[in-house]
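Structure, as structure tokens:
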Amino acid sequence: MEAPVRAVVSHGKTPLVEIVGPPGVGKSTIYKALCKKWSPECNWVYQDALLAPAKPSFLRFSKWLEYNYKVLAGKRRAKSVPVEYGLDFIQENQALADFCWAFLSDTGTAPGNGAHRYRAAYFLFGDFCRYQALQKAASTRPCVIEEGFLQKSFLVQGNGASAEQLIDRYINLIPLPRAIIYIDAADKVTITNRLTSRPKTIASHIGKGVAALEQETEKWQCTLGAILGRLHAQHVDIYKVDGEKTVEENVQVIRKVLQNL
């Protein structure tokens, strides 16, 4: 693990800790296992816990009963984020919204066909909504999120000056996280095996064989490496986690990191 100088967090904003890594490295599995270890006494929080509905009054007995049943059953209690949150985010981050709209609308630069661009736009607006909701929560505890602004497939353009410029422009527009947990595996075969065996398939992996998936993994690693280099220069904490270790080992490592933020 490595940690540069701590980033400055704006007053009144929830400090975010984003988990990133190439697809198939185990981010979702580790994140879910990490969230199960959370308790209200922790000095960190995760997205669903922070955005969960408030506990209803006992006077609203049916709602109170439903709430407590979900707590005891360990079910998710996160509320849906209103569309208005996304619209507010756009107003406060107009340059970022304009950049994303222009990029995804340009058939000469945006990856994939029209359907893929619609898909990317859908997830981007979802990020606008949840980022605004998380910031409005104004938690003093760091909030761990997965698949945030830094985990975007349209940034994976390969090498070259145009790809570098794209990353530079994007990084200068997004709200920076308090810290990054970067999960990766040195052995690309490990990642590829996971990609071919899991039910989840992202758009850029559809119809690709093992060799193509290895190349795609290299592109992700290259892109994320460039992103992390720029975040390091802007004093964002970066912690590296070995995706080849067990989930239990990595959860322990991340919990220690979070305790020291």
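The values are calculated or read from the model by the stated rules, or taken from the named source; none is laboratory data. Because the structure is a prediction, the values reported are computed rather than measured. Glycine gets a Cβ as well: all are built from the backbone with ideal geometry, and neighbour counts include every protein chain shown. Side chains are part of the model used for accessible areas, which takes the heavy atoms of the whole protein and leaves out ligands, DNA and RNA. Shrake-Rupley method; radii C 1.70, N 1.55, O 1.52, S 1.80 Å.
For SER197, SER153, give me the order by solvent-accessible area with a 1.4 Å probe, most accessible first, ignoring ligands, DNA and RNA.
On the way: SER197 90, SER153 65 Å².
Highest to lowest solvent-accessible surface, that is SER197, SER153.
Could you work out the local net charge near ASP98, counting Lys and Arg as +1, Asp and Glu as -1, over the other residues with Cβ closer than 14 Å to its Cβ?
On the way: positive: ARG169; negative: GLU92, ASP106.
Once all neighbours under 14 Å are counted, the net charge is -1.
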query = Say R0 is 22 Å: what FRET efficiency, to the nearest 0.05, do ALA137 and THR29 get from their beta-carbon distance?
reply = 0.30
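May I ask you to order 169-181, 220-232, 243-255 by the average number of other C-beta atoms within 10 Å around their residues, highest value first?
On the way: 169-181: 19.9, 220-232: 18.1, 243-255: 16.5.
My ranking of the peptides, most packed first, is 169-181, 220-232, 243-255.
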message = Quick check: convex hull over the Cα atoms of the range 129-261, volume per residue in Å³, rounded to an integer?
response = 136 Å³
key: Calculated FRET value between VAL189 and LYS256, using beta carbons and R₀ = 35 Å, to 0.05   = 0.75
inquiry  = Taking 8 Å as the Cα distance limit and 6 or more residues as the minimum spacing, I'd like the relative contact order of the range 138-240 as a percentage.
reply    = 43 percent
query = What does the highest-first list of 116-124, 27-35 look like by mean Cβ count within 10 Å?
reply = 27-35, 116-124
